[in-house]
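One structure is given here, and the rest of the page talks about it.
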Amino acid sequence: MLITLGSPPSDAETAAWHAVVSVAHVLDLPASAPEPSRAETAGRLRIPPLGGRHIHLAAVAEDGSYEGVASLLLLTGREQRDAAFLEVLVVRPDARRRGVGAELWAAVRDRLLAHGRTSVSTVLELGGAGEAFVDSLGFTNVLPLGWYVLRVRQAVDGTPCPVLPAGFRFTDWSGAVPDGPAESFARAHATVRDVPLTGPGSGSGAGLQTAGPDVARVRAAARVIEERGGTILTAAVLDSTEGDAVVAYTEVVLSDPADTRAVQYDTVVVPARRGLGLGRAVKRHLLTRLRELHPGVREISTTVADDNVSMLAVNEALGYRRERPAGIFRAKL
């Protein structure tokens, strides 16, 4: 039997959902990748990211447990109203190869068509059951990428503190951007490619990149993370020749304050200030602040597209190592 979870889901629905994603995580992902916490699962079920609304589906066994779950994000941005993102489609290991995944996909597809969507994307590990499943449904890998991991202590101890060029200085904040750098931060944010990404339990992934130099939107995105029970830490470079405008920034997110692995979100250098080493510098500065403010965090994970040569070089210099391959897969409906 398929059900649609309540909005918001009940505690019982959240517990049954978390049981599926936890046991599947252990089987499908490397032992080094931490399992999602119950708090992280609850936050993601209750609160969609900015620019979308959720539909949560579950295949229920006779004993009331969930055999599989699917979470569909219908994008609501002005230029994305024909698209959607499949955040989760997972079947409990002992229920696989019994048609549960196909049943969930059929329900997802029905809802996509009912809402006028012409395409759907998802992020998957390569070489696993998920890739084989979506291949059979007509998905193609439109953006090969990799998961990379950095040991915070080794990076802080092993790489020197950055020295910025004259006229630049660092700043940082937790949560939503404060008033001072807000306008220039929003402008810098608008230079990010408009591609859905997730972090671990990503979101990617990840979150959704949103276009437009809009202070309200970037603050709302930070509030979503906090309302889900997490925290976001941002480090930025200010340019005194432009009135202390933000010209580079980077962000890390803890989905749960107890996490030992943080998730790297955006790293951005505005086009006019590229080539000065600001991306590497601001990421290295953030490591110091992360270690000071959240000493329990041991690692940072991130995704980088295989064709993003500049960011791969920056991350390699800081000490990131490739953990596993993945990709953004997309299907036309």
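The values are calculated or read from the model by the stated rules, or taken from the named source; none is laboratory data. Values in this document were obtained by computation on a predicted structure and should not be read as measured data. A quick note on method: Cβ atoms are made from the backbone with ideal geometry, for glycine too, and the neighbour counts reach across all protein chains shown.
Scanning the range 260-273 for residues that are assigned to a loop (DSSP other than H, G, I, E, B) and either touching a helix residue (DSSP H, G or I) at 6+ places or on another chain (Cβ under 6 Å) or under 19 Å from Ala186 (Cβ atoms) (or both) returns a single hit, Val270.
Scanning the range 259-277 turns up one or more residues that are crowded, with 17+ Cβ neighbours inside 10 Å, farther than 30 Å from Leu89 by Cα and among the basic types (Lys, Arg). Looking only at the range 55-64, decide whether some residue is among the hydrophobic types (A, V, I, L, M, F, W, C), part of a loop (DSSP other than H, G, I, E, B) and more than 18 Å from Ala129 (Cβ to Cβ). Yes - at least one qualifying residue is present in the range 55-64.
Could you tell me which residue of the range 63-72 is nearest to the chain's Cα centre (by Cα), considering only residues that are surrounded by fewer than 22 Cβ atoms within 10 Å (Cβ to Cβ) and not acidic (Asp, Glu)? Among them, the one singled out is Ser65.
Checked against the criterion of being touching a Phe, Trp or Tyr at 6+ places or on another chain (Cβ under 9 Å) and either in the same structural domain as Arg109 (by TED's automatic domain parsing) or under 25 Å from Ile232 (Cβ atoms) (or both), the candidates Gly6, Gly52 yield just one match: Gly52. Within the range 6-17, is there a residue that is at pLDDT below 95, among the charged types (D, E, K, R) and on the phi < 0 side of the Ramachandran plot? Looking through the range 6-17, none of the residues is at pLDDT below 95, among the charged types (D, E, K, R) and on the phi < 0 side of the Ramachandran plot. When Leu104, Leu89, Leu75, Leu57 are checked against the criterion of being of a type in the set (A, V, I, L, M), surrounded by 20 or more Cβ atoms within 10 Å (Cβ to Cβ) and modelled with pLDDT under 95, Leu75 stands alone in meeting it. Quick one: in the range 274-324, which of the residues that are aliphatic (A, V, I, L, M) and assigned to a loop (DSSP other than H, G, I, E, B) is farthest from Glu251 (Cα to Cα)? Among them, the one singled out is Leu276. Picking from residues in the range 8-39 that are out of contact with any strand residue (DSSP E or B) (no Cβ under 8 Å at 6 or more places or on another chain) and among the aliphatic types (A, V, I, L, M), the one that is farthest from Tyr66 (Cα to Cα) is Ala31. Summed over the range 244-259, residues that are modelled with pLDDT of 95 or more and assigned to a loop (DSSP other than H, G, I, E, B) total 1.
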